[in-house]
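A.B. asks: Let me begin by handing over the structure; questions about it come next.
FYI, it's all coordinate maths here, none of it is from the lab. All figures in this text were calculated on a predicted structure; none of them were measured in a lab. Reconstructed Cβ throughout: ideal geometry from the backbone, glycine too, with neighbour counts over all protein chains shown.
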Amino acid sequence: MNDKKWVLVTGGSRGIGKGMTEHLAAQGYFVVFTFNSSQQLATELEESIKESGGEAKGYQCDGSVYSNVDLLCHSLLELYGAPYAVINNMGMTGDQLIYGFDIELYEKVIATNLNSAVYFNKCLIPAMSENREGKIVHISSVTGIKGNKGQMSYAATKAAMIGMTKTLSLEAARFDITVNSVAPGFIATDMVSQMPDAAKKKITKEVPLKRMGEIKDVSNLVEFLISEKASYITGQNFVVDGGLTA
């Protein structure tokens, strides 16, 4: 069993999730991360973190299926004990307008973004409660606050995560577990970097700071929220958007 405090990052092999996995491992946490499809990406991430002096371990899990989450969580609890922190990050956009709305795609977005967070919380918070400590962070989005054309499903899940944050913070407070959410705006990820320059220019024009955020902007905040420096902060949603929702 690893002596370091271990944290779970769901959807931790790509994008913001990958950045958080790398960042938290560099801060001395043992990071367990989930991925859905690419074992190669997960292995590469494990190896790069190891080369940098950190520790991380990836586990394949389709978090939209409760039985998969339940099985993985049982294994993790047996291997490592209760986690110190859980960062519910896995998600997808599934963009579509209400005209010609595909119900199957909608249900997939709900299951991937929202249900997965419910499942991991359900399976892990009781064990964290026994330890009488812990940190939960939900990665929401400014789309759950201000809306975005074509993202009704995504917005619904991200708004729901903020509501879930507030409710769970009340339930878990007596066990000294804090629950907060982070709502990123336009963040420069690998996916965004592949967009046409005109599209990126249009996006940054909307942001008061006139630039996209960096993954480290989200990772730094998450690091703070799971630290003892944030021990009296719970039930809050923190926006990282360069002033977009001001």
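A.B. asks: Residue separation times 0.36 nm, minus the C-alpha to C-alpha distance between residue 216 and residue 27: what's the value?
C.D. replies: Extra length from residue 216 to residue 27 when fully extended: 66.8 nm.
A.B. asks: Taking a cut-off of 20 Å between Cα atoms, list the lysines near residue 108, but don't count ones fewer than 8 places away on the same chain.
C.D. replies: Partners found: 122, 149, 158.
A.B. asks: Based on the alpha carbons, how large is the Rg to Rh ratio for the stretch 83-153 when Rh follows Kirkwood?
C.D. replies: 1.10
A.B. asks: Using DSSP, restrict attention to beta bridges with both residues in the chain and report what percent are antiparallel, rounded to the nearest 5.
C.D. replies: 0
A.B. asks: In terms of the Cα gyration tensor, with a ≥ b ≥ c the square roots of its eigenvalues, is the stretch 1-132 rounded because a/c is under 1.5, prolate because a/b exceeds b/c, or oblate?
C.D. replies: Oblate is the answer for the stretch 1-132, as a/c is 1.5 or above yet b/c matches or exceeds a/b.
A.B. asks: OK, next. Grab every C-alpha pair in the stretch 152-246, bin the distances at 5 angstrom width from 0 up to the longest one, and report whole percents.
C.D. replies: Per 5 Å bin, starting at 0, the Cα pair percentages come out as 2, 12, 18, 20, 19, 13, 8, 5, 2, 0, 0.
A.B. asks: Exposure proxy check: 102, 62 ranked by fewest other beta carbons within 10 Å?
C.D. replies: Ordered by Cβ neighbours within 10 Å, fewest first: 102, 62.
A.B. asks: In what sequence do 232, 119, 106 fall when counting other Cβ within 10 Å, fewest first?
C.D. replies: The order, fewest Cβ neighbours first, is 232, 106, 119.
A.B. asks: Moving to a separate point now. Which FRET efficiency value, to the nearest 0.05, do you get for residue 207 and residue 236 by plugging their Cβ-Cβ distance into 1/(1 + (r/R0)^6) with R0 = 25 Å?
C.D. replies: 0.65
A.B. asks: Stokes-Einstein at 4 °C, 1.567 mPa s, Kirkwood radius from Cα pairs: D for the stretch 119-170 in µm² s⁻¹?
C.D. replies: After rounding, the answer is 106 µm²/s.
A.B. asks: Now for a different question. Stokes-Einstein diffusion coefficient for the stretch 135-196 at 25 °C in a medium of 0.890 mPa s, Rh from the Kirkwood formula over Cα pairs: what value in µm²/s?
C.D. replies: The diffusion coefficient I find is 191 µm²/s.
A.B. asks: Taking R0 as 35 Å, what's the FRET efficiency between residue 67 and residue 197 from their Cβ-Cβ distance, rounded to 0.05?
C.D. replies: With R0 = 35 Å, the Cβ-Cβ based efficiency is 0.20.
A.B. asks: Neighbouring Cβ atoms within 10 Å as the yardstick, rank 61, 73 fewest first.
C.D. replies: So the residues, fewest neighbours to most, are 73, 61.
A.B. asks: Could you give the length gained on full extension between residue 51 and residue 175, defined as 0.36 nm per residue of separation minus the Cα-Cα distance, in nm?
C.D. replies: 41.0 nm
A.B. asks: From the convex hull of the Cα coordinates of the chain, what is the mean projected area in square nanometres?
C.D. replies: It is 13.3 nm².
A.B. asks: Sticking with this structure for a sec: If you split all Cα-Cα distances of the stretch 50-192 into 5 Å bins from zero, what percentages do you get per bin, shortest first?
C.D. replies: 2, 9, 17, 19, 19, 15, 10, 5, 2, 0, 0
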